[in-house]
Amino acid sequence: MRTCLAIVLAAGEGTRMLSPRPKVLHQIGGQSLLAHVLDALRVAGQTRTAVVVGPDHAQVANEARRVLPDAEFYVQSERRGTAHAVLAAKAAIARGIDDVLVVFGDTPLILPATLGKLRAALTDGAAVVVLGFRPHDPTGYGRLVTAGGELVAIREHADANESERAIALCNGGLMALAGPQALAILSSIGSDNRKHEFYLTDAVSVARKMGLRASAIVVTEDEVRGINTKAQLAEAEAVLQVRLRAAALEAGVTLVAPETIFLSADTKFGKDVVVEPYVVFKPGVVVEDGATIRSFSHLDGAHVGKTAIVGPFARLRPGTKLGEGVHIGNFVEVKESRIEAGAKANHLAYIGDSTVGERANVGAGTITCNYDGAGKHRTEIGKDAFIGSNSALVAPVKIGDGAYIGSGSVITRNVPADSLAIGRARQVIKEGAAERLRSIKSAGKKT
Ligand code: UD1
Ligand code: MG
């Protein structure tokens, strides 16, 4: 088995993102660009990973560590070009590696299979392998210069002459280098170009001069979309959503209108799930077998049990756990709560920091008052309890199993099992008073 080292370049400043956040920490599909790249490496397998960060990028290193705990880090203290960035990880290359992969932290749509193809081309005898693609607009990209069918050089846009700029096949940026020759190639790269940078792309012409072979693998533009602007971030998001929807459909999820569903890279579906149009899945959502998510629902960090029905217009926030057959209906918000099997909250409710027992019924307009301005408190609703409409349950409070809360109650004390609690003003009837009231009012009205 050949050994592989992946060097992830993540030292970019990302100033064109107009954001204080480092570029590679912007997100698509609910996870950072960097996490997408590291995931692709993990799926491709058999890789040691070195992440090259800028001098002040502790945040970037933390994110990389979160995704890949055994990643190593190297600091590029000055931005002097892509080859210079790769050489920041010189010590890792010098350990003696068969295949070196250079991947960009801002190119999140790269597929694991392509990383495998880059390595396979090294096995076939190339010392440098690059990714070629044909962009709609090649401005800004390096061009792949060939002679007699062989890749001989990459010319950066800024340094290219008119005939080179006419070349449609561009450089996707990512590269594979034969480990035994990698350091010799990289350290022979100079900075004699318009930007006075050490270009990784010069690895091609340097390798040729050393009598080694370079080759290219052609991929789609989507796979090598690099992100420098918010517009490019949105384009990458669109490509990713198409992929995620296709994967969900492939796995047997019914998406009634796939183009209206927004998924996260980690959204998990069981068998025979139905998702109606216009639903958003933020990170950390699991939907079990046979569940239905109805239109205009927003799910974030929530677990939906088997055959549960959510929505339309439901909001499930982080820490929500719905048991089997639970119904959460329109304009119901649930946060940090466990709703046990068969329980229902069908209309207009807020359930926060709560447990709701099996088969309990939470009436329309019920609010768990979990926040008193200082701290959050829990509400416990027992199994088979019935919470009448428009009740306020002031936490901390426990409603026992089988208890019944009269509509419109404000409940501030615990309710024992199987009891009835009513906490509202008693109704008063004054017979004939309506008639008297009307005559007083109309007498006072000026005509
Ligand atoms: C690069 C390629 C170009 C290719 C394009 C594809 C070079 C010289 N050019 O250009 O041929 O068509 O990608 O998108 O490689 N980085 C560092 N340190 C540095 C410089 C860059 O870590 O000193 C990182 C960036 O954060 C980024 C990656 O390397 O992740 C690529 O750098 P970038 O400046 O985006 O290169 P391009 O000009 O896009
Ligand atoms: Mg770029």
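Checking each residue of the range 161-171 against the condition of being closer than 18 Å to Leu101 by Cα and buried (at least 22 other Cβ atoms within 10 Å of the Cβ) gives at least one match.
Taking the criterion of being within 16 Å of ligand 1 (Cβ to nearest atom) and among the hydroxyl-bearing types (Ser, Thr, Tyr), the residues of the range 218-261 that qualify are Thr220, Thr229. Can you spot a residue in the range 10-17 that is within 10 Å of ligand 1 (Cβ to nearest atom), in contact (Cβ under 8 Å) with a residue 40 or more places away in the chain and under 18 Å from the mean Cα position of the chain (by Cα)? Within the range 10-17 (the criterion being within 10 Å of ligand 1 (Cβ to nearest atom), in contact (Cβ under 8 Å) with a residue 40 or more places away in the chain and under 18 Å from the mean Cα position of the chain (by Cα)), the answer is no, since none of the residues qualifies. Looking at Pro277, is it in contact with a helix residue (DSSP H, G or I) (Cβ under 9 Å, 6 or more places away or on another chain) and either over 14 Å from His327 (Cα atoms) or part of a loop (DSSP other than H, G, I, E, B) (or both)? Considered against the rule, which asks whether it is in contact with a helix residue (DSSP H, G or I) (Cβ under 9 Å, 6 or more places away or on another chain) and either over 14 Å from His327 (Cα atoms) or part of a loop (DSSP other than H, G, I, E, B) (or both), Pro277 comes out as yes. Here is the figure for the range 148-167: residues that are more than 33 Å from the chain's Cα centre (by Cα), part of a loop (DSSP other than H, G, I, E, B) and over 23 Å from Gly125 (Cα atoms) total 4. Within the range 195-206, the presence of at least one residue that is more than 11 Å from ligand 1 (Cβ to nearest atom) and part of a helix (DSSP H, G or I) is confirmed. Can you find a residue in the range 187-194 that is within 15 Å of ligand 2 (Cβ to nearest atom), in contact (Cβ under 8 Å) with a residue 24 or more places away in the chain, of a type in the set (Gly, Ala, Ser) and under 29 Å from Glu78 (Cβ atoms)? There is no residue in the range 187-194 that is within 15 Å of ligand 2 (Cβ to nearest atom), in contact (Cβ under 8 Å) with a residue 24 or more places away in the chain, of a type in the set (Gly, Ala, Ser) and under 29 Å from Glu78 (Cβ atoms).
In the range 323-351, the residue that is farthest from Asp300 (Cα to Cα) out of those that are touching a His at 6+ places or on another chain (Cβ under 8 Å) and surrounded by fewer than 19 Cβ atoms within 10 Å (Cβ to Cβ) is Asn346. Scanning the range 89-120 for residues that are away from ligand 1 (no atom under 14 Å from the Cβ), among the hydrophobic types (A, V, I, L, M, F, W, C), under 12 Å from Leu41 (Cβ atoms) and more than 20 Å from the chain's Cα centre (by Cα) gives Leu115, Leu118. Pairs meeting the criteria (first residue in the range 257-278 and under 21 Å from Leu33 (Cα atoms) and open to solvent by less than 50 Å² (accessible area, probe 1.4 Å), second residue in a loop (DSSP other than H, G, I, E, B) and among the aliphatic types (A, V, I, L, M), beta carbons under 9 Å, at least 6 apart or on different chains) are Leu263/Val285; Ser264/Val285; Thr267/Val285.
Tell me which helices (runs of 4 or more DSSP H) are completely within the range 1-108 and hold 3 or more residues being closer than 21 Å to Arg225 by Cβ and open to solvent by 30 Å² or more (accessible area, probe 1.4 Å), or say none if there are none. I'd like the intermediate steps shown before the answer.
Working: elements: 33-44, 58-67, 82-87, 90-93.
Hits in the range 1-108: 33-44.
Of the residues Leu212, Leu244, Leu240, Leu200, only one is within 16 Å of ligand 2 (Cβ to nearest atom) and at pLDDT 95 or above; which? First the steps, then the outcome.
Numbers: Leu212 fails: within 16 Å of ligand 2 (Cβ to nearest atom); Leu244 fails: within 16 Å of ligand 2 (Cβ to nearest atom); Leu240 fails: within 16 Å of ligand 2 (Cβ to nearest atom).
Answer to the selection: Leu200.
When the range 114-147 is filtered for residues that are in a helix (DSSP H, G or I), farther than 15 Å from Val8 by Cβ, touching a residue at least 40 places away in the same chain (Cβ under 8 Å) and among the aliphatic types (A, V, I, L, M), the ones remaining, listed by number, are Ala121, Leu122.
The values are calculated or read from the model by the stated rules, or taken from the named source; none is laboratory data. Just so you know, these numbers come straight off a predicted model, no measurement behind them. Neighbour counts run over all protein chains shown; Cβ positions are idealised from the backbone, glycine included. Just so you know, the surface numbers come from the protein's heavy atoms only, side chains and all, with ligands and any DNA or RNA stripped out. Shrake-Rupley method; radii C 1.70, N 1.55, O 1.52, S 1.80 Å.
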